Every structure is written in C-alpha cells, then in structure tokens.
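Student: The following block contains the structure, expressed as structure tokens.
The values are calculated or read from the model by the stated rules, or taken from the named source; none is laboratory data. Because the structure is predicted, anything quoted here is derived from the model rather than measured. Heads up, the Cβs are rebuilt from the backbone with ideal geometry, glycines too, and the neighbour counts pull from every protein chain shown. Side chains are part of the model used for accessible areas, which takes the heavy atoms of the whole protein and leaves out ligands, DNA and RNA. Shrake-Rupley method; radii C 1.70, N 1.55, O 1.52, S 1.80 Å.
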Amino acid sequence: MRVLGIETSCDETAVAIVEDGADGRRCLAHALSSQIIEHQPFGGVVPEIAARSHLNRLDKLVGQAMAEAGLRYEDLDGIAATAGPGLIGGVIVGVMTAKALSSVHRKPFIAVNHLEGHALTARFTNGVEYPFLLLLVSGGHCQVLEVRGVGQYRRLGTTLDDAAGECFDKAAKMLGLGFPGGPAVERAAENGQADRFSLPRPLKGRAGCDFSFSGLKTAVRHVAEALPPGSIQPQDANDIAAGLQKAIVAHIVDRCSNAFAMVSGERPTMFVVSGGVAANTALRQALSDLAADQDVAFVVPPVDLCTDNAVMIAWAGLERLALGLTDPLNFKPRPRWPLDAATV
Ligand code: KG4
Ligand code: ZN
C-alpha cells in the first residue's frame, strides 16, 4: 500500500510518500520546505504569510515527491492531508490540494488529524505496538495520551495554558535569542549556570498529569526585568536559558511520572515521545531515565520526524486506509480537533 501525505498546518510545507509492503515500511519520498526565514522578522509564525507561502510551494513539492519516488498517480492507493488542528489558512491549502488530487486521480482521500500523525510516527520508525503511552510535546501542544489503536486515544493530561514549545519560544524572544526559540534556548543553556536564578516548578506535588507553562514564562520575564537596566548580557541570557530548560524538563518529568499510574487499560510497555520539543537533548535524557525507572522501553523517532513533516501524515493516512477509514470530499478542515473528544 502506498499513500501520499501533505502537511501544511503550521510553517512547514511538506509532501511525502510512504509504502507498507511485504518487505516492510519505507519512505519513498519526502519533500519539505520550511518557512522559518519568512517568519523570523516577526519572532513567530504569521498565519497569513504561512497560508500564502504554502499555496506558492505546495504544487511544486507534490511534483518533486512524485519524481523522487519515481511513481505515477495510478501507483498510489490514497491521498492524505492534515485536516486540522492548525492554522486554518494553511490547513485549507493542504486539504484542497489533496482533494483535487484525489478527485482527478480517483484515489481515496484521508483527512488526518495532525496530532494522530505525531502519535503514530513511532509505529512507522520503530514498529511500536499498541498500546503505548505517548507524550506529545510541540509548539502548539503538550499532552499525554494512552494510545490503544488508530483513533483510540485517552487523554490523561494536557496543558492548562501554553504548550512547552511556546514557553521556549516566548522566553527566547524575551532574552533576545531569536526564533525558533527551543533550539536557541538549548544552545544558550549549554554555556549557562542553571542554578543562578530560581525558577518555579509548576504544579509540583499535585496529582494528575496536566501541565502549566505560563507561570514559568512570567518568571523568566521577572528575572530578566530585575537585571540592571540595558540589554541583557549574553551570560545572563545563557544562565536564564539554562534555568528555564532545567525547570521545563523537571516539570515534564514530574507530570509524566504520574501518568504511568493513570493508565486504565493494559499497561503499556513503551513510552513514546514525539513533537518538536522532543529534539531537546536534556529532555530526552531525563525522559529516558524516567522510562527506565518505570521499566518500559523508551522510543523517540528521529528528530526530523519529531518536528512537523509529511511522512507522519502519509503514515497515519496509510494506517487509516488499511482499516477502510477514508473521508468524503466535503470533509471540512478543522482549526481545532482534539484526539480524544471524550475528555475535552
Ligand atoms: O512539532 P513542531 O515542529 O511544530 C508544532 O507542531 O508545534 O514543534 C515546534 C516547537 C517549537 O516551539 C520549537 O521551539 C520547539 O518545538 N523545539 C525545541 C527544540 N527544537 C524545536 N524545543 C526545545 N529544544 C529544542 N532543541
Ligand atoms: Zn506538530
């Protein structure tokens, strides 16, 4: 089975083709174009610029992916696209393109939830079996899910305010470290002293596995404002970055350690982490230690498949198609689309 997938929900335009066959799962093509440079002057993603940029790039990327895979449209079994949640202008561009391809080439259309894409990546990359415990930690989301199968999610906890990546990004902006903030904070933290400034540990000791990052963001602002007037010195920024990274990692580990006791079904044997923030080395190390304590295997997909990409959308589309889960051409793109409607 071969599926073409399209991702346009944020600031990456991407098209991939994946195959699941007798000799295993393979990515046949992945064409990805990041818009980081276009959004950099604004210190964050500007939805209108993102939508126009997806529109300008997507056709070409579809052509590139087909050429790279050396396929004709009749060789495909389905066309998938992120149909939400995300910046709606971009989502519409991806969905309309996928519907057009599906209609012209008479292939099933599969509307993929972007979060399901992140959730199922580890099945493509590491052959992870259901059920598993998933931490999804990105620029727009921070949640823990019990994953029992395609479309079978139970959300154990989520953020009460900002996502973890948002906290990295906003703090980086305040410290003048640039955009995107996560990698910038990680680099600055390498030369910083984490204990110079004391930052809070949100929800410490509280039951459950909800997250909260807005207090940390405010604390960073207070610490920065308390420094002598004038621009923040590089060493100050490094020390605050190190303190922030340490606090975020401690918070995520604390909340995830509660999640293991909250699983209602069969105890998962794997702990999977996905989303852009999973690129953070300190976080990966701490979560790997937590998994060892809990006696479960720890799985993180390769970094380029943790951040937004189209391979995960093609793969989630393929898993859905294999179960006969296709969608009509009047499917409406969704700016909000929780994975687990029951707990929202
Ligand atoms: O999954 P992703 O590419 O896009 C969303 O769906 O949000 O995640 C992007 C987020 C950004 O907030 C970025 O700052 C963060 O992931 N990020 C990191 C690192 N690399 C990317 N955060 C911390 N450390 C990193 N090394
Ligand atoms: Zn994402």
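Student: Taking the dipole about the Cα centre of the chain, with the C-beta of Lys and Arg at +1 and of Asp and Glu at -1, give me whichever of LEU329, MET312, VAL45 is farthest to the positive side.
Tutor: Farthest along the dipole direction, towards plus: LEU329.
Student: With a ≥ b ≥ c the root eigenvalues of the C-alpha gyration tensor of the range 67-124, is it rounded (a/c under 1.5), prolate (a/b larger than b/c) or oblate?
Tutor: oblate
Student: Also, I was wondering about something else. State whether the range 302-344 is rounded, prolate or oblate according to the following rule on the C-alpha gyration tensor (a ≥ b ≥ c being the square roots of its eigenvalues): a/c under 1.5 gives rounded; otherwise a/b larger than b/c gives prolate, and the remaining case gives oblate.
Tutor: oblate
Student: Could I ask something else about it? In the chain, carbon and sulfur make up what percent of the accessible area (probe 1.4 Å)?
Tutor: Of all accessible area on the chain, carbon and sulfur atoms account for 52 percent.
Student: Also, I was wondering about something else. Using the membrane-span-like helix rule (whole DSSP H runs, Cα extent along the own axis of at least 15 Å, mean Kyte-Doolittle hydropathy at least -0.5), which helices of the chain qualify?
Tutor: Span-like helices, by this rule, are 47-69, 88-105, 114-126, 164-174, 214-226, 234-259, 281-293, 311-322.
Student: Further, regarding this structure: For ARG72, what accessible area in Å² do you get when you roll a 1.4 Å probe over the heavy atoms of the protein chains, rounding to the nearest 10?
Tutor: Accessible surface of ARG72 is approximately 140 Å².
Student: Next question, about the same structure. For the range 1-112, report the accessible area per residue in Å² (1.4 Å probe, heavy atoms, rounded to an integer).
Tutor: 42 Å²
Student: Something else: Placing +1 at every Lys and Arg Cβ and -1 at every Asp and Glu Cβ, with all other atoms neutral, what dipole size does the chain have around its Cα centre, in debye to the nearest 20?
Tutor: Here the chain has a charge dipole of around 580 debye.
Student: Ignoring ligands, DNA and RNA, what accessible area per residue does the range 199-344 give at 1.4 Å, in Å²?
Tutor: 46 Å²
Student: Give the percent of DSSP beta bridges with both residues in the range 130-304 that are antiparallel, rounded to the nearest 5.
Tutor: 60 percent
Student: While we're looking at this one, here's another question. Counting pairs of alpha carbon atoms under 8 Å apart in space and at least six apart in sequence, what relative contact order in percent does the range 130-304 give?
Tutor: Worked out over the range 130-304, it gives 28 percent.
Student: Rounded to the nearest 20 Debye, what is the dipole magnitude of the range 246-315 about its Cα centre when Lys and Arg each give +1 and Asp and Glu each give -1 at the C-beta?
Tutor: It comes to approximately 120 debye.
Student: Would the range 220-344 count as rounded, prolate or oblate if I go by the C-alpha gyration tensor, calling it rounded below 1.5 in a/c and otherwise prolate when a/b exceeds b/c, oblate otherwise?
Tutor: prolate
Student: Ranked by accessible surface with a 1.4 Å probe, highest first, in what order do MET66, MET174, MET96 come?
Tutor: From most exposed to least exposed: MET96, MET174, MET66.
Student: For the ranges 78-84, 160-166, 291-297, what's the packing order if you count other beta-carbon atoms within 10 Å of each residue, average per peptide, and put the highest first?
Tutor: 78-84, 160-166, 291-297
Student: Which of the pairs LYS217/LYS332; LYS60/LYS332; LYS60/LYS107; LYS99/LYS170 have their Cα atoms more than 27 Å apart in this structure?
Tutor: Violating the 27 Å Cα-Cα cut-off are LYS217/LYS332; LYS99/LYS170.
Student: Here's something else I'd like to know. In what sequence, largest accessible area first, do ARG154, ARG52 appear using a 1.4 Å probe?
Tutor: In descending accessible area the options line up as ARG52, ARG154.
Student: I've got another one for you. Let me check against my output: what whole-number percent is the relative contact order of the chain, with C-alpha pairs under 8 Å and at least 6 apart?
Tutor: 24 percent
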